[in-house]
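What follows draws every value from the coordinates through simple rules; no lab data is involved. This is a predicted model, so every value here is computed, not measured. Here the Cβ positions follow ideal geometry from the backbone for every residue, glycine too, while neighbour counts run over all protein chains shown.
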Amino acid sequence: MRKIHRPPLRFDRVMVDWRTVGLFQTNSFLVICENTREAAIVDSCGEFDVLQAMIASHEGINVRYLLQTHAHLDHVAALAEMKAWSQAPIVLHPEEAPLYEAVPMQCRLFGLPEIASPPAPDRWVREGDTLPLGDLTIQVIETPGHTPGGISFEIAEHLFVGDTLFQGSIGRSDLPGGNSATLMRSLHRLITWPEQTLVFSGHGPVTTIGRERDHNPFLS
């Protein structure tokens, strides 16, 4: 399996590190408030040892949240281990509950070794909810369509969008619970953000709202 290790991105108040892990080459993000060293994981996607080493490489950080954009198996594969190790609360949208509870069934659907359902979420969030992260604020944005309760997180003017939007592409809507019309509404909402906004997707490289607005063939 190809390992991808990109250098962290540092901004004025926040640092973003990430690893691409698992059979589906899914991105797990570590978002750190530079002033307070409080941190959040966006999607615990697999290969817990790799994610644990990423966190350990940043001295003195405290993982405050395990943020989940959605509950597909490749985005929750390491969540049980991450929860047991960090004791941080799991954050998820309530409409993801059926998918979340069906993780073993998802594994069977893809012909993969079965993994247990992750621990129950500690906090259900909806549109407009906020979470403090040191000097930063995590804003919850409902972006369903890829899944019924898919959400994005805006942190320090950056967007973490899960599998809603990719560089040059968009998320699937043909899996159970997906809806193409709903997905398009979510996408057209996201592209109203300023063009310089960085987009951290569940797969592939970082992009910007401006790039996708101008060049993504699904949004033109």
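Annotations for the structure displayed:
- Its residue count N fixes a reference of 2.2 N^0.38 Å for the range 4-215, and the Cα radius of gyration divided by that reference is 0.93.
- Ascending count of other beta-carbon atoms within 10 Å, so fewest first, for THR182, THR26: THR182, THR26
- Each label was represented as a point 7 Å from its Cα along the Cα-to-Cβ direction; for ASP214 and GLU195 these points are 0.5 nm apart.
- The range 46-109: GluC sites (Glu not before Pro) in DSSP coil with no more than 14 other Cβ atoms inside 10 Å: GLU59
- FRET efficiency estimate (nearest 0.05) - Cβ-Cβ, GLN87 to GLU127, R0 25 angstrom: 0.35
- Neighbourhood charge, 13 Å Cβ-Cβ cut-off, centred on THR137 and excluding it, Lys, Arg +1 and Asp, Glu -1: -3
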